[in-house]
Amino acid sequence: MSRFDIAITGMGLATAAGIGVAANWARICAGAPAARTDPTLAGQPVDFSCRVPEFDANELFGRQLAWRLDRFVQLAMIAAREAVTGSGHDTAAWDGTRVGVVIGNSLGGTATFEAQHRVFQDSGAEDVSPLMIPMGMVNMVTGYVAMDCGALGPSLTTATACASGATAIGVARGLLDSQVCDVVIAGGTESALSPATMAALHQMGALSKRRDDPATASRPFDVSRDGFVAAEGAGMVVLERAADARARGARIHALITGFGSASDIHHATAPDPQGAGLERAVRAALLDAQLDAADIAYVNAHGTSTPINDAVEARALTRLFGTDAAVTSTKGITGHPLAGAGAIEAIYTALTIQHATVPPTVNLRDIDPEINLDLVTGAQRGMRVKAAVSTSLGFGGNNAALVLTAA
């Protein structure tokens, strides 16, 4: 059986590292953390986050459309527009019935729900907005992106917590392999930095408490890590069969050659202590790609900066790759974009392959002595990467892995 390759022909990003792929890559390679005190969280135990900078929805969409969209949808639409434009496709000319949309999201429009709940409490039922449901529903992001680009094929939303974006790309891969679609816009998005949601994450013990120095709070794989920095963001890709992309002369940023998914069945929020589910997901992705672990030069790790996740992930990656693959986490810069993470980091992995540059793991000063990986620290590392893995883990025991290779 021959290997099935899908091409990334367009990429789009809206993260705390900036709006647009170029701005993101420059900041990721420079190693400049984005975490800042967040005025919307004033008075809370954790009052900092990673927000997308200089994002003016009214300017980007026009006031009439912007006020109908929750921010998680706005971020996805901006990223999708960049990806489609970069792919070279003309949405006015393509056969929309052969174009699908698959986007990962986990928490939906939390800011909308919280705001309307306050209205309900303060003013009563008659003042609650009729737009609350269509603004807050998880699946509305795929609906709006499909409407924005004329995609008439399947419109699907994946919800596998912080693995949602990677899962969406895996599902998109299946739609292309089965010939259901010729083009799929896929990715992940999240904007859940609303007060009640952040309070809940704090109560769970998931967030870093370093209010005195937010910029250094996210410390993936560092011995002093104490939790993640919550972030918003969206990453979107345009995917098509590699043969089709080459036939139309498209620029191929990288190939997605493998996808794997596996469950922990261990705990609602804690990963399997040995990382068994993640290891199964990576091995499944490698099998799909018809590659061995020895073929992988780079791993873009989930690396959240929580004590449990980083230790668990390191155990699995050590069994898989030892110290033969360079490893990095970009969450020291972007924070943790939750459902958006897998897609955003898949794009960073594609850029690593494309530019022969591995970005640094920021704020990693003292590697946890129990972690034995080739972690890239301090500054970016120039190296040729033919094959790489991007890993994602999520609540509910969700694990996902993507294998990307050079075109």
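Pick from segment 18-28 the residues that are touching a helix residue (DSSP H, G or I) at 6+ places or on another chain (Cβ under 8 Å) and more than 16 Å from S218 (Cα to Cα): which of them is surrounded by the most Cβ atoms within 10 Å (Cβ to Cβ)?
Pass one, segment 18-28, residues touching a helix residue (DSSP H, G or I) at 6+ places or on another chain (Cβ under 8 Å): 18-21, 24-25, 27-28.
If we keep only those that are more than 16 Å from S218 (Cα to Cα) as well, we get 18-21, 24-25.
Details: G18: 22, I19: 21, G20: 18, V21: 22, N24: 27, W25: 22.
Going through the qualifying residues, I end up with N24.
So, in segment 393-407, exactly how many residues are buried (at least 20 other Cβ atoms within 10 Å of the Cβ) and not polar (S, T, N, Q)?
Filtering segment 393-407 down to residues buried (at least 20 other Cβ atoms within 10 Å of the Cβ) leaves 393-394, 397-405.
Now drop any that are not not polar (S, T, N, Q), which leaves 393-394, 397, 400-404.
Here the count works out to 8.
Does segment 43-50 include one or more residues that are within 23 Å of the chain's Cα centre (by Cα), of a type in the set (A, V, I, L, M), at pLDDT 95 or above and not in a loop (DSSP other than H, G, I, E, B)? Talk me through it step by step, then tell me what you get.
Within segment 43-50, the first condition is being within 23 Å of the chain's Cα centre (by Cα), and the residues that meet it are 46-50.
Among the residues that remain, those that are also of a type in the set (A, V, I, L, M) are: 46.
Filter once more, so that each one left must be at pLDDT 95 or above: 46.
If we keep only those that are not in a loop (DSSP other than H, G, I, E, B) as well, we get none.
No: zero hits.
Test of understanding: among A42, A111, A34, A93, which residue is closer than 30 Å to S178 by Cβ and among the small types (G, A, S)? Spell out how you get there, then give the answer.
On the way: A42 fails: closer than 30 Å to S178 by Cβ; A111 fails: closer than 30 Å to S178 by Cβ; A34 fails: closer than 30 Å to S178 by Cβ.
Of A42, A111, A34, A93, the one residue that is closer than 30 Å to S178 by Cβ and among the small types (G, A, S) is A93.
Within segment 216-238, track down each residue that is under 22 Å from the mean Cα position of the chain (by Cα) and polar (S, T, N, Q).
Hits for segment 216-238 are T216, S218.
From the list D222, D264, exactly one residue is over 28 Å from P33 (Cα atoms), in contact (Cβ under 8 Å) with a residue 12 or more places away in the chain and touching a helix residue (DSSP H, G or I) at 6+ places or on another chain (Cβ under 9 Å). Which is it?
On the way: D222 fails: over 28 Å from P33 (Cα atoms).
Just a single option satisfies the conditions, and that option is D264.
Which residue, of R36, R3, is at pLDDT below 95 and either in contact with a Gly (Cβ under 6 Å, 6 or more places away or on another chain) or not small (G, A, S) (or both)? Full working, then the answer.
Values: R36 fails: at pLDDT below 95.
Going through R36, R3 in turn, just one is at pLDDT below 95 and either in contact with a Gly (Cβ under 6 Å, 6 or more places away or on another chain) or not small (G, A, S) (or both): R3.
Would you confirm whether or not segment 29-47 contains a residue that is surrounded by fewer than 20 Cβ atoms within 10 Å (Cβ to Cβ) and among the acidic types (D, E)?
yes
Taking segment 182-219, which residues are among the small types (G, A, S), part of a helix (DSSP H, G or I) and touching a helix residue (DSSP H, G or I) at 6+ places or on another chain (Cβ under 7 Å)? Before you say what the answer is, go through the steps one by one.
Filtering segment 182-219 down to residues among the small types (G, A, S) leaves 186-188, 191-192, 194, 196, 199-200, 205-206, 208, 215, 217-218.
Filter again for part of a helix (DSSP H, G or I), leaving 196, 199-200, 215.
A196, the sole residue that qualifies.
Does L338 satisfy being within 17 Å of the chain's Cα centre (by Cα), more than 24 Å from H253 (Cα to Cα) and in contact (Cβ under 8 Å) with a residue 60 or more places away in the chain?
Numbers: within 17 Å of the chain's Cα centre (by Cα): yes; more than 24 Å from H253 (Cα to Cα): yes; in contact (Cβ under 8 Å) with a residue 60 or more places away in the chain: yes.
Considered against the rule, which asks whether it is within 17 Å of the chain's Cα centre (by Cα), more than 24 Å from H253 (Cα to Cα) and in contact (Cβ under 8 Å) with a residue 60 or more places away in the chain, L338 comes out as yes.
Only one of S305, S390 is in contact with a Phe, Trp or Tyr (Cβ under 6 Å, 6 or more places away or on another chain), under 25 Å from A206 (Cα atoms) and surrounded by 24 or more Cβ atoms within 10 Å (Cβ to Cβ). Can you tell me which? Break it down into steps so the answer makes sense when it comes.
Details: S390 fails: in contact with a Phe, Trp or Tyr (Cβ under 6 Å, 6 or more places away or on another chain).
So the residue among S305, S390 that is in contact with a Phe, Trp or Tyr (Cβ under 6 Å, 6 or more places away or on another chain), under 25 Å from A206 (Cα atoms) and surrounded by 24 or more Cβ atoms within 10 Å (Cβ to Cβ) is S305.
Residue-by-condition table, conditions (1) small (G, A, S); (2) over 20 Å from the mean Cα position of the chain (by Cα); (3) farther than 20 Å from T405 by Cβ; (4) assigned to a strand (DSSP E or B):
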{"position": "E240", "(1), (2), (3), (4)": "no, no, no, yes"}
{"position": "D244", "(1), (2), (3), (4)": "no, yes, no, no"}
{"position": "A250", "(1), (2), (3), (4)": "yes, yes, no, no"}
{"position": "F259", "(1), (2), (3), (4)": "no, no, no, yes"}
{"position": "A268", "(1), (2), (3), (4)": "yes, yes, yes, no"}
{"position": "L287", "(1), (2), (3), (4)": "no, yes, no, no"}
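Can you tell me which residues in segment 308-333 are surrounded by fewer than 21 Cβ atoms within 10 Å (Cβ to Cβ) and under 26 Å from E232 (Cβ atoms)?
I308
Which residue, of L75, L65, is free of Cβ contacts under 8 Å to residues at least 40 places away in the same chain and not in a loop (DSSP other than H, G, I, E, B)? Working first, answer last.
Numbers: L75 fails: free of Cβ contacts under 8 Å to residues at least 40 places away in the same chain.
Step by step, each of L75, L65 is checked, and only L65 is free of Cβ contacts under 8 Å to residues at least 40 places away in the same chain and not in a loop (DSSP other than H, G, I, E, B).
The values are calculated or read from the model by the stated rules, or taken from the named source; none is laboratory data. Remember, predicted model here, so these are calculated numbers, not experimental data. Ideal geometry is used to build each Cβ from the backbone, glycine not excepted, and the neighbour counts take in all protein chains shown.
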